[in-house]
1. Is it the case, given these coordinates, that VAL290 is farther than 15 Å from LEU201 by Cβ and more than 28 Å from the chain's Cα centre (by Cα)?
2. Could you say whether any residue in region 230-243 is modelled with pLDDT of 90 or more and closer than 28 Å to ALA64 by Cα?
3. Out of ALA39, ALA73, ALA26, ALA64, which single residue is touching a Gly at 6+ places or on another chain (Cβ under 7 Å), in the same structural domain as SER146 (by TED's automatic domain parsing) and either over 23 Å from LEU106 (Cα atoms) or not basic (Lys, Arg) (or both)?
4. What's the number of the condition ARG92 fails, among (1) modelled with pLDDT of 70 or more; (2) of a type in the set (Lys, Arg); (3) loosely packed, with under 13 Cβ neighbours inside 10 Å?
5. Can you run down the residue pairs with Cβ atoms below 7 Å, 6 or more apart or on separate chains, where the first is in region 3-28 and farther than 18 Å from PRO50 by Cβ and the partner is assigned to a helix (DSSP H, G or I)?
6. Return the pair list, or none, for Cβ contacts closer than 7 Å from residues in region 110-123 that are under 18 Å from THR140 (Cβ atoms) to residues that are in a helix (DSSP H, G or I), at least 6 apart or on different chains.
7. Suppose we filter region 217-254 for residues that are closer than 22 Å to SER294 by Cβ and within 16 Å of ligand 1 (Cβ to nearest atom); how many remain?
Amino acid sequence: MTFSETFTGREDRERVLTDILRQGRAVPGNTLIAHVDRATLTVLAVRRLPTPVPVLDACSCFTAESIQRLRAALLTLAQDFAPARTATNTRRRDVTGELITVVCRLGEAEVTDEDEQFFWGWRISDHPAPAIDCDVYMVTPSGWASLAGDWSGTQPALPASDPTGEENRAVQQASAVQEAEQILTDASLALLTPRSHECLLCYVHRMLLEFGCDGRLRFAAHFRDTRAPRATAMERRLGEVHGLCDCGIFRNGYDLRPEHCIPEVVHETDGVTYVEEYRWPTPLPACLGVRSGSTQGCRLWWRRLHW
Ligand SMILES: [Zn+2]
Ligand SMILES: [Zn+2]
């Protein structure tokens with residue numbers, strides 16, 4: 001890729017970081033996302049969110065759910081910065097801005113999981129703003145460092161003690177937390193809400209693609225709570241078809257009807273075609289809809305046969 005770098009060296013990084021910290025009223029525990037003009041290195045806007053606590057699984061990988069949550073928040077912030085890219089406006093040379101992430105925290109200016117989660121959050125965000133999301137920086141009282149490229153320095157740094165007074169800082173921090181929590185809540189609510197007339201099975205399948213299964217009937221229960229609060233027997237009914245967790249509903253309980261599947265293993269004997277295996281298309285067909293309050297699947301689905 002011949003895409004030119006926004007920064008040429010340490011001085012312009014330090015200057016832009018200083019501007020971001022000032023505009024974003026940096027305090028430890030927050031992360032600043034700045035929209036920077038690539039041509040002039042002007043900081044156009046800065047937003048703040050409380051740095052999420054990184055959630056790691058048994059293999060020390062970020063869990064899909066925590067990264068999806070961060071991704072949703074970053075997407076909301078990116079959309080907030082700039083009008084959405086149109087389909088004809090996605091060429092590289094139209095990219096005029098850069099989104100720079102600055103994790104403000106205590107401790108040493110070395111890469112931690114707190115910083116690294118933003119790399120993954122951005123990598124999968126595919127946000128529509130006319131900007132690229134390259135750099136993640138961390139700034140602490142002992143200086144700054146970049147996640148990639150090995151850049152670091154002692155200035156700018158966060159103040160070791162608070163010159164504006166503890167109380168003032170606490171107020172600032174509280175309002176920033178509220179602001180960002182609102183963004184997180186709005187973003188995750190929009191993602192989690194069943195679509196109008198969407199059936200239980202299409203909804204749970206859509207959520208599994210986005211968030212994965214955590215071993216419970218998490219999304220099925222959310223559907224019931226928001227769409228059909230009187231369907232108290234739902235868990236028992238799903239349990240009867242071996243749906244003890246969200247993904248089990250599909251592994252053991254329900255399958256797409258064959259007319260919506262793609263024939264996979266086909267063979268012909270004496271001029272008769274046999275289909276031995278089907279696979280599900282990606283994406284699935286749109287939900288065929290159910291009446292509101294129903295916890296049945298739509299006509300895309302049928303019970304798996306157990307021999
Ligand atoms: Zn499962
Ligand atoms: Zn459906």
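1. On the way: farther than 15 Å from LEU201 by Cβ: no; more than 28 Å from the chain's Cα centre (by Cα): yes.
No, not satisfied.
2. Quick first cut of region 230-243, residues modelled with pLDDT of 90 or more only: none.
No: region 230-243 contains no residue that is modelled with pLDDT of 90 or more and closer than 28 Å to ALA64 by Cα.
3. Going through ALA39, ALA73, ALA26, ALA64 in turn, the sole match is ALA64.
4. (1) is the only condition that ARG92 fails.
5. So the pair list comes out as PHE3/ARG92; PHE7/ARG13.
6. Listed by first residue and then by second, the contacts come to GLN117/ILE67; GLN117/LEU70.
7. Going residue by residue through region 217-254, those that are closer than 22 Å to SER294 by Cβ are 217-250, 252-254.
Add one more test, that the residue is within 16 Å of ligand 1 (Cβ to nearest atom), and what stays is 217-223, 235, 238-239, 241-250, 252-254.
So the answer is 23.
Listed here are the residues, each with its yes/no results for (1) buried (at least 21 other Cβ atoms within 10 Å of the Cβ); (2) modelled with pLDDT of 90 or more.
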{"site": "ARG10", "(1), (2)": "no, no"}
{"site": "LEU17", "(1), (2)": "yes, yes"}
{"site": "ARG22", "(1), (2)": "no, no"}
{"site": "ARG25", "(1), (2)": "no, no"}
{"site": "PRO28", "(1), (2)": "no, no"}
{"site": "HIS35", "(1), (2)": "yes, no"}
{"site": "VAL46", "(1), (2)": "yes, no"}
{"site": "LEU49", "(1), (2)": "yes, no"}
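The values are calculated or read from the model by the stated rules, or taken from the named source; none is laboratory data. Just so it is clear, the model here is predicted, and its values are computed rather than measured. Reconstructed Cβ throughout: ideal geometry from the backbone, glycine too, with neighbour counts over all protein chains shown.
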